[in-house]
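As structure tokens, the structure follows; a few thoughts come after it.
The values are calculated or read from the model by the stated rules, or taken from the named source; none is laboratory data. Everything quoted here is computed from the prediction, not taken from an experiment. Reconstructed Cβ throughout: ideal geometry from the backbone, glycine too, with neighbour counts over all protein chains shown.
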Amino acid sequence: MTFLMPVVLLGADTLRFQSTAFGTERMVIVHTPTYFKAASPAVAMPVLIVLDGQHEWFVEPVVNDIRYLQYTHEVPQALVVVVPHADRVKEAAGVDQQAMLTLLTEELPRLLEPYHPGDYRVLVGHSFTASFALEAKVLDPDAFDAVIALSPLNRVERTLPALAELLNHRPDDDVLLAVGGTERTKDGGHHASLMAVWNALPAAMGSMSIREFPSAGHTSLPIIAFPELLSTLFMAFSLRDSLAPVNDEYQLCGPPPSPVELMAQVDRSLIFRGKRLPWEVPEINGLASRLWTGGMTDHVLAIYRRGAELYPDEYSMQWSLGEVLLERDRPAGEAALRKALQLLDTEMMSGSERSQLKAEIQALFR
């Protein structure tokens, strides 16, 4: 059996809309993984909201970090929403702050409905927008499950104590802060003031933490600190594909539970910080591969039936389901393989690669 691991890339949709909060046209950019188009509505991905979208020097490294960490399975597939600002100071710390909060908490969710978003949401900001992100969590605690704040300073003497109190009552929420080096030419303008507030906080702060990055300057902090904070936030996700473990010879370490119990274990493993993160294509293929090598055909069939339900338009799911079904229900197996052939025609790949994959599928009919 061929276990295909799709390369994770990001597409982008630019959404222009009339913002009631601002009384003018606004724009957000929604990045989606390539196999997002193959997913059913049941695949509700988390939402990562990145502020300061008008700054390419900031948002491009952040989006690329997300892309790479998704590829390496450090962070989950997600809807990455980039929010540009017309005036970042007014919208993050001035007269338009409430309008920006309304845009994020009321207008943005309606815009994202066609993407079937999940209910886990992360807000990311830098400097002024990092301070705004912290205040947004205080003002509307249910709007965001986690905040990543890179070198905040504005009004932190108020927001950090309020967050410490808030997070003591919300164990599934996270606030991760970062600050650069102490030198004036690094992040010295923010470091001393921020750390003075931090060091005065009570010992119990729930899931709020700060990390210092001595080598980082104020504007280089995002590219240095953001991947560390994001991978820390999703550590439990990166470790969850541990069902049916194998040894160094890729042999099962022990007999797996029944297919029914295995799928129940899968469902339980998808819970993250009180919410649910979807089962992903590489995880599906990885678990199936380990069990197929161990001769557990019933388990593999249960896995790929679920996989084809979640990703009905992913050709590799239909291919794998069809191949394992051929021995049990040949008509159903051939139907899945025919769907895989049809789906291959919609994939962006070279003609030679498509022809090779089709030949491999067609050989199964014989």
For the stretch 138-187, which residues satisfy the criterion of being modelled with pLDDT of 95 or more, surrounded by fewer than 21 Cβ atoms within 10 Å (Cβ to Cβ) and among the β-branched types (V, I, T)?
-> V138, T182
Complete set of residues in the stretch 45-62 that are crowded, with 19+ Cβ neighbours inside 10 Å and either charged (D, E, K, R) or under 22 Å from P109 (Cα atoms) (or both) = M45, P46, V47, L48, I49, V50, L51, D52, G53, V59, V62
Per-region count, the stretch 23-44, residues under 11 Å from the mean Cα position of the chain (by Cα) and surrounded by fewer than 16 Cβ atoms within 10 Å (Cβ to Cβ) | 0
What is the number of the single condition among (1) modelled with pLDDT of 95 or more; (2) within 25 Å of F36 (Cβ to Cβ) that P259 does not meet?
-> (2)
What are the residues in the stretch 112-140 that are free of Cβ contacts under 8 Å to residues at least 60 places away in the same chain, within 16 Å of L163 (Cβ to Cβ) and either part of a loop (DSSP other than H, G, I, E, B) or in contact with a helix residue (DSSP H, G or I) (Cβ under 6 Å, 6 or more places away or on another chain) (or both), if any?
-> L134, E135, A136, V138, D140
For the stretch 292-299, indicate whether the set of residues that are touching a Pro at 6+ places or on another chain (Cβ under 6 Å) and either part of a helix (DSSP H, G or I) or closer than 30 Å to D119 by Cα (or both) is non-empty.
-> yes
Members of the stretch 1-40 that are in a loop (DSSP other than H, G, I, E, B) and modelled with pLDDT of 95 or more | T20, A21, F22, G23, A39, S40
Say whether the condition of being among the acidic types (D, E), modelled with pLDDT under 95 and over 13 Å from L230 (Cβ atoms) is met by at least one residue in the stretch 56-73.
-> yes
Where in the stretch 178-276 are there helices (runs of 4 or more DSSP H), lying wholly inside it, with at least 2 residues that are over 29 Å from the mean Cα position of the chain (by Cα), farther than 27 Å from Y71 by Cβ and assigned by TED's automatic domain parsing to the domain that holds T293?
-> none
Restricting the stretch 202-218 to residues that are at pLDDT below 95 and surrounded by 14 or more Cβ atoms within 10 Å (Cβ to Cβ), the one nearest to L150 (Cα to Cα) turns out to be S207
